[in-house]
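Let me begin by presenting the structure, written as structure tokens, before commenting on it.
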Ligand SMILES: Nc1nc2c(ncn2[C@@H]2O[C@H](COP(=O)(O)OP(=O)(O)O)[C@@H](O)[C@H]2O)c(=O)[nH]1
Ligand SMILES: [Mg+2]
């Protein structure tokens, strides 16, 4: 791989030099306006400084991430032939990867706003493969648009990350059904979150609410929900079987919202998922949320999502955002699924520590 800095009076001149020295497949990594000193520094002339890269060894087979790398990229030959554009697209993507891996001064080669963008991705815990895709897209778009300010680059970064998430209409589905069920692994925060949702429906929206719990494995779990029900002066039914559940559903048929808590068993027990499906007849009047702790490892979250794939999930709820330094794993789970996030919780206080989020809100949280 060859990487070289060129100085020329104009972009056109620089392009000619680059083509001559590195060949027509070279890719522009960065360009900026500079002041060139002449006559022993007595006069200044504006010029451009361009960093270009050429690597013949890029594998032709590797394709860029289709979700992120969709917009044609700028290259020296981009305007002359369409197939070249695709080849160049692949190369920009590969180039950033190679440059990052091999050049110790990769960071210093990047213009300041792009360095900031890369740092934000790093701090957010974004995977290298996605980071590379996003950076190559930012490089290309910022350079071709000629608007390399920090504000523009950060805004562009947020847009690119939003595009990788499920579409907006899968998010922000407020509590809309009569029956709301939360499920997920032990200690994820289901009962606490259910109490937050129920309390805000009652206190902010003046809804008539009731509780059902099918979490009958631990006495403490029943007591925990009972405490919230008593505080809110709302009725609660404890159900051990599907028949009891259907009966309780009938009892509360006049209520606006019935909040259903489920057993907190180890998610690895397939039996728990089978029992859940057996007890609760998932249908349109039931709005279901899979509760995941934002503090969990990405692999564990992925495993839970896979195990619950046979249960209809309307949205995710991510809990304990206050206990993690980065939401990168949450981003990856959302980007890989077609399900949006309904709520994010950020503390133990009931009912205040919960918020609904849009993809934009989430990306802003991710970048903090
Ligand atoms: N820091 C923090 N703790 C939370 C949050 N949500 C729940 N918790 C705590 O997590 C623990 C388990 O919560 P619980 O609702 O009993 O989980 P469940 O087993 O899924 O029902 C409790 O100590 C909660 O107070 C949150 O958003 N932030
Ligand atoms: Mg519980």
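Volume per residue for region 263-333 equals 93 cubic angstrom (convex hull of Cα atoms). For the peptides 350-358, 179-187, residues were scored by their other Cβ atoms within 10 Å and the scores averaged per peptide; the highest-first order is 179-187, 350-358.
Taking the Cα atoms of region 168-367, the ratio Rg/Rh between the radius of gyration and the Kirkwood radius comes to 0.94. From least to most packed, judged by other beta carbons within 10 angstrom and beginning with the fewest, 318, 211, 362 follow the order 362, 211, 318.
Available extension along the chain between residue 348 and residue 128 is 75.9 nm, counting 0.36 nm per residue and deducting the alpha carbon span.
Mean projected area of the convex hull spanned by the Cα atoms of region 144-217, taken over all viewing directions: 8.5 nm². Here the extension length gained between residue 361 and residue 300 equals 19.5 nm, from 0.36 nm per residue of separation less the Cα-Cα distance.
Here the calculated FRET efficiency for residue 256 and residue 16, from their Cβ-Cβ distance with R0 = 51 Å, stands at 0.10, rounded to the nearest 0.05. Taking each residue as 0.36 nm, the span from residue 150 to residue 240 lengthens on full extension beyond its C-alpha to C-alpha distance by 26.7 nm. Taking other C-beta atoms within 10 Å as the exposure proxy, 228, 217 rank 217, 228 from fewest upward.
When 141, 169, 159 are sorted by how many other C-beta atoms sit within 10 angstrom of their C-beta, beginning with the fewest, the order is 169, 159, 141.
Every read-out reported here was derived from the displayed coordinates using simple, explicitly stated rules and does not represent laboratory data. In this text, all values refer to a predicted model and were calculated from it rather than measured experimentally. Note: ideal-geometry Cβ built from the backbone for every residue, glycine included; neighbour counts use all protein chains shown.
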